[in-house]
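Participant: Before I ask anything, let me first share the structure, which is written out below as structure tokens.
The values are calculated or read from the model by the stated rules, or taken from the named source; none is laboratory data. Small disclaimer: the values here were computed from a predicted structure and weren't measured. Glycine also receives a Cβ, built like all others from the backbone with ideal geometry; neighbour counts cover every protein chain displayed.
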Number of protein chains: 2
Amino acid sequence: MKILVIGGVAAGTKTAAKLKREDPTAEVTILNKGEDISYAGCGLPYYVGGVIADRSALIVNTPAKFEKLTGVAVKCGVEAVALDRAAKTVTAKNLSDGSESVYSYDKLVLAVGASPVAPPIEGVNLKNVFFLRTPEDAVALRQAAESGEVRRAVVVGGGYIGLEAAENLASRDIRTTVLEMAPQILPGFDQEMAAWAEDRLADQDIMVFTNERVTAITGEEKVEKVLCENRKMKADLVVLSTGIRPNTKWLMDSGLDMVKGTLLTDLHGQTNDPAIWAVGDCAMVHNLITGAPAWSPMGSTANIAGRSAAVNLAGGESEYLGVLGTAVCKLPGLNAGRTGMSVAQAAAAGIDAESVVCVLDDKAHYYPGSGEFIIKLVAAREDQRLLGIQVLGKGAVDKMVDIAVTAITMKARLADLANMDMAYAPPFSTAIHPFVAAVQILLNKLSGKLVSMGPADFQAGKAEGYRILDVGMAPAVTGAPYLDFTALPAGLEGIGKDEKLLLVCAKGKRAYLTQNRLRALGYANTVVLEGGTTVNGTELVK
Amino acid sequence: MKILVIGGVAAGTKTAAKLKREDPTAEVTILNKGEDISYAGCGLPYYVGGVIADRSALIVNTPAKFEKLTGVAVKCGVEAVALDRAAKTVTAKNLSDGSESVYSYDKLVLAVGASPVAPPIEGVNLKNVFFLRTPEDAVALRQAAESGEVRRAVVVGGGYIGLEAAENLASRDIRTTVLEMAPQILPGFDQEMAAWAEDRLADQDIMVFTNERVTAITGEEKVEKVLCENRKMKADLVVLSTGIRPNTKWLMDSGLDMVKGTLLTDLHGQTNDPAIWAVGDCAMVHNLITGAPAWSPMGSTANIAGRSAAVNLAGGESEYLGVLGTAVCKLPGLNAGRTGMSVAQAAAAGIDAESVVCVLDDKAHYYPGSGEFIIKLVAAREDQRLLGIQVLGKGAVDKMVDIAVTAITMKARLADLANMDMAYAPPFSTAIHPFVAAVQILLNKLSGKLVSMGPADFQAGKAEGYRILDVGMAPAVTGAPYLDFTALPAGLEGIGKDEKLLLVCAKGKRAYLTQNRLRALGYANTVVLEGGTTVNGTELVK
């Protein structure tokens, strides 16, 4: 059995290696365009920042080492240019001399990856304008950052790689600005969560401009300015992180099913040609919740999908049910993680979702280094199935995300998760785990024990007609009357029992306690502002 | 409705506060023996070490503050001494003047907690012999530790509190020794995992002696020596952490069902008297896997069970299905976490379990601060349901445990967990998440793709008759022939195809790859030593 793998970074090498373990008799060859295989693409931003000191640390395996470890043959510097499905051959060009060779296969694995897309503007080829996709990109970018000539950097694109690049440039005392065409950074977060993160980045001197399209990059010898629709800014260095496109142009007329250039696969990783598999950034997988095709150009997906495909290629049986759009990102003083569906994504999928935003301690509040999680939990209203989580905070947001991934994978309903016996000791967590607490809060909201409004609804003006009451430990909301629920009923004079009251405290909990107490006193129209002043700020009264 | 709560630390305050929220008309009174309520029992070791600077940080709520926050009445300095179930009254003694009062109830909540048990030996009342159960204990212990007169400390008991006490004493440059009567520390871990942790503690100058019963504590004015069956040692300070006993002596003749002094409850938290609930360290809950009664004297359980009981007390419906024996503990340079069943516990429950020990990176190996997890994963052989995890490492063991808790709560089979879309970025995790990787390894073992032996079996002599081959990146196993699988078949001379071979590398992975390659060459009797030299050391050849 001859198996040809086109592409040898994450998905290609994983598939080939696992396949050889499953079927040592298989003849597996990788054709790779570049000279590096199996490099740590996700580590590149950290090489730029110097967190990872040496380039060698980015290279997981050299071709020679990989061949010896796996028994797979690797040919580098070879670019596939044509596929003949009837003949079961791939024609590939040797990039050093331009000669072409034809490779035959019994089964073909397309793991050709994706390449960065430059915005269609002038100046993208100026000196000190970089992509951040390959080790070479990272080396060039770091050299420029270390040259002493860069005071200001602009990162175009506020996705995860762009933000990681921004963090690492800023860590070198380079004044860094992020420009994002969309209304928000952090794709997959709901907008109010992303907005909160944008403010925190500004606190750390990384300015973020959203709804900002770059129109040109200008300069004489090298980049000097970035021009946008709404502003222009000086820049000594630009990182373009505006998206990637699958390297499938050569397959356009192949008859393989694609969506926007991405190869469609079934749960086995197979394309519409049963002899051809596709894995990694050039292939669609599936959304685990909806079953719909999903693009997940991530190192983690490449590895998991590649491993699963290899089992099938070797004649075994493995269904890869798909992804949840999981992502996590380290930012200065703030980590951001998410999985599953946001409220916006649930709406787009036609699912009636309920959500809650809450602020919870990430470990025992008295333990040094403790902080807060800003959590948005999303569940289906009908069956109360957990749909997604978004978490921001300086602590272990990845833990919160991984718990949610496990729960969503197992199709958990909120009630299944409300009493979990989680790991607790003060250096790690709180006696009621923040994930469990968030589940309980959303259950309270769904049952009506908590009547609340999220920051998004508040921003959308849904508190119109409500009187804001400051119900925190001490007055904090500018211009709002203060009410201490522990001293009720004093302080309620002049407030009618039918009056619409928006209760605001620091995090949301005290407002919930206040609502509970007020309800017992007959105040029927109170609404808690989720996230309190922590998420919404103190300037709430118009 | 009059509800009387006896005891006001974690479970009592949680139950009372939640109950008042659920039913604001309920008349709820807490009778509390001590003067502090609602203190952070789990924080005490960190107060001893000075990690938590001020005693005030340990007090979650004063009685007055709690009353105002919740509407619950609190009486402190009052000890319940008699229960009259027929009359529905509790008699309690005022500890300041010895007078007795009778309190009637419609419903009674027993949250009387537990108290430390001193070993039945002489010397436990000597100066500088301490328990670590209350804020007062912690204050006294810290005063002694800070006195400058303590050079050597002995902690009696190698459970979680004892080990946390040891860590915090050692952090003050006090030479600290842990004595444990049982064959191992870290209850709930399998023995070989605990033994590995014991060695790491020794590396950090905390000596651990297991199977070591203390026979006396001696000294003139204060403690000077601790005498054991096998040794005696100098000590300026002793911490007794040898277990706790529910404070239920006054209930012995009440007719309430108990096991070893612990009150039995149903899934609603109710005792055999429908008017009486029991929560916290004085009550049994249930084991989530087996449904059997389980004792879980932990702050986390107290809160979760108390909250659930409160819903029922208020007329709602909440079943608390129980605990998994989850625990996590910060030790010097090593965290330890576990949940569910160990192999020993599964065997005791009559479940045929399979397990694997593996060594996996806790984040991208090239990311600074990365380390290793030593993981033992346990699953039922029959249906491959995940039963438990044990994790040791300097990193986020709590994350691994919480994922397992979620999976076990959802009754996950290994196959459900093998492709999860976990959070990955280099500062947080690896492209294939260590939890997922561990699941895949155990699946490989169950399917026969991996044939391996755990450290426990190796220590038990089950590799008798096997020839040890050192198959690591470089020779490391003393006295074993070295084999580099990437250079096969060279090096196989003199090794028969039917020979029993134990393959040993650093972590287990390269031995697995070697096994795979050897199998293809016809070597049929190879076994991988799980955990490699990392867990088993390099002195393996007898």
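Participant: Looking only at helices (runs of 4 or more DSSP H) that lie completely in the range A:377-453, which have at least 2 residues being surrounded by fewer than 24 Cβ atoms within 10 Å (Cβ to Cβ) and at pLDDT 95 or above?
Facilitator: Once the helices (runs of 4 or more DSSP H) in the range A:377-453 are filtered for at least 2 residues that are surrounded by fewer than 24 Cβ atoms within 10 Å (Cβ to Cβ) and at pLDDT 95 or above, what remains is A:414-417, A:434-447.
Participant: Determine whether A:Met181 is part of a strand (DSSP E or B), surrounded by fewer than 24 Cβ atoms within 10 Å (Cβ to Cβ) and aliphatic (A, V, I, L, M).
Facilitator: Spelling it out, it is not the case that A:Met181 is part of a strand (DSSP E or B), surrounded by fewer than 24 Cβ atoms within 10 Å (Cβ to Cβ) and aliphatic (A, V, I, L, M).
For (1) of a type in the set (Gly, Ala, Ser); (2) closer than 30 Å to B:Leu108 by Cα; (3) without any contact (Cβ under 8 Å) to a residue 12 or more places away in the chain, each residue gets a yes or a no:
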position	(1), (2), (3)
B:Asp173	no, no, yes
B:Pro183	no, no, no
B:Phe189	no, no, no
B:Leu201	no, no, no
B:Phe209	no, no, no
B:Lys234	no, no, no
B:Leu251	no, yes, no
B:Asp257	no, yes, no
B:Pro274	no, yes, yes
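Participant: A further question on this structure: Please determine, by comparing only the residues of the range A:297-335 that are assigned to a helix (DSSP H, G or I) and surrounded by fewer than 24 Cβ atoms within 10 Å (Cβ to Cβ), which one is farthest from the other protein chains (Cβ to nearest Cβ).
Facilitator: It comes out as A:Asn312.
Participant: Go over the candidates B:Gly496, B:Gly479, B:Gly491, B:Gly465 one by one and state the one that is within 14 Å of another protein chain (Cβ to nearest Cβ), among the small types (Gly, Ala, Ser) and not in a helix (DSSP H, G or I).
Facilitator: Answer to the selection: B:Gly491.
Participant: I would also like to ask the following. All but one of (1) within 24 Å of A:Gly299 (Cβ to Cβ); (2) aliphatic (A, V, I, L, M); (3) buried (at least 16 other Cβ atoms within 10 Å of the Cβ) hold for A:Val117; state the number of the condition that does not hold.
Facilitator: (3)
Participant: Also: Conditions: (1) under 30 Å from B:Ile289 (Cβ atoms); (2) more than 7 Å from every other protein chain (Cβ to nearest Cβ). A:Gly393 meets all but one. Number of the miss?
Facilitator: A:Gly393 satisfies every listed condition except (1).
Participant: Specify the residue that is farthest from B:Leu186 (Cα to Cα); the eligible residues are those in the range B:312-350 that are among the β-branched types (Val, Ile, Thr) and not assigned by TED's automatic domain parsing to the domain that holds B:Gln384.
Facilitator: B:Val323
Participant: For B:Asp457, which of the numbered conditions (1) loosely packed, with under 15 Cβ neighbours inside 10 Å; (2) not in a loop (DSSP other than H, G, I, E, B) fails to hold?
Facilitator: Status for B:Asp457: all satisfied but (1).
Participant: Still on this model: Counting only residues that are assigned to a strand (DSSP E or B) and more than 14 Å from chain A (Cβ to nearest Cβ), which one in the range B:266-296 is farthest from B:Gln345 (Cα to Cα)?
Facilitator: Per the stated criteria, the residue is B:Ile276.
Participant: What is the number of the single condition among (1) within 14 Å of chain B (Cβ to nearest Cβ); (2) on the phi < 0 side of the Ramachandran plot that A:Gly448 does not meet?
Facilitator: Failed condition: (2).
Participant: Now a separate question. Hey, could you check the range B:336-364 for residues that are in contact (Cβ under 8 Å) with a residue 24 or more places away in the chain and assigned to a loop (DSSP other than H, G, I, E, B) and say which is nearest to the other protein chains (Cβ to nearest Cβ)?
Facilitator: B:Ala364
Participant: Which members of the range A:522-542 meet the condition of being within 13 Å of chain B (Cβ to nearest Cβ) and crowded, with 17+ Cβ neighbours inside 10 Å?
Facilitator: Hit for the range A:522-542 is A:Tyr523, nothing else.
Participant: Can you tell me which of A:Arg519, A:Arg510 is surrounded by 17 or more Cβ atoms within 10 Å (Cβ to Cβ) and either assigned to a helix (DSSP H, G or I) or in contact (Cβ under 8 Å) with a residue 12 or more places away in the chain (or both)?
Facilitator: Sole residue among the options that is surrounded by 17 or more Cβ atoms within 10 Å (Cβ to Cβ) and either assigned to a helix (DSSP H, G or I) or in contact (Cβ under 8 Å) with a residue 12 or more places away in the chain (or both): A:Arg510.
Participant: Here's something else I'd like to know. Can you tell me which residue within the range A:396-429, out of those that are of a type in the set (Gly, Ala, Ser) and at the interface with chain B (Cβ under 7 Å from one of its Cβ atoms), is farthest from the chain's Cα centre (by Cα)?
Facilitator: A:Ala425
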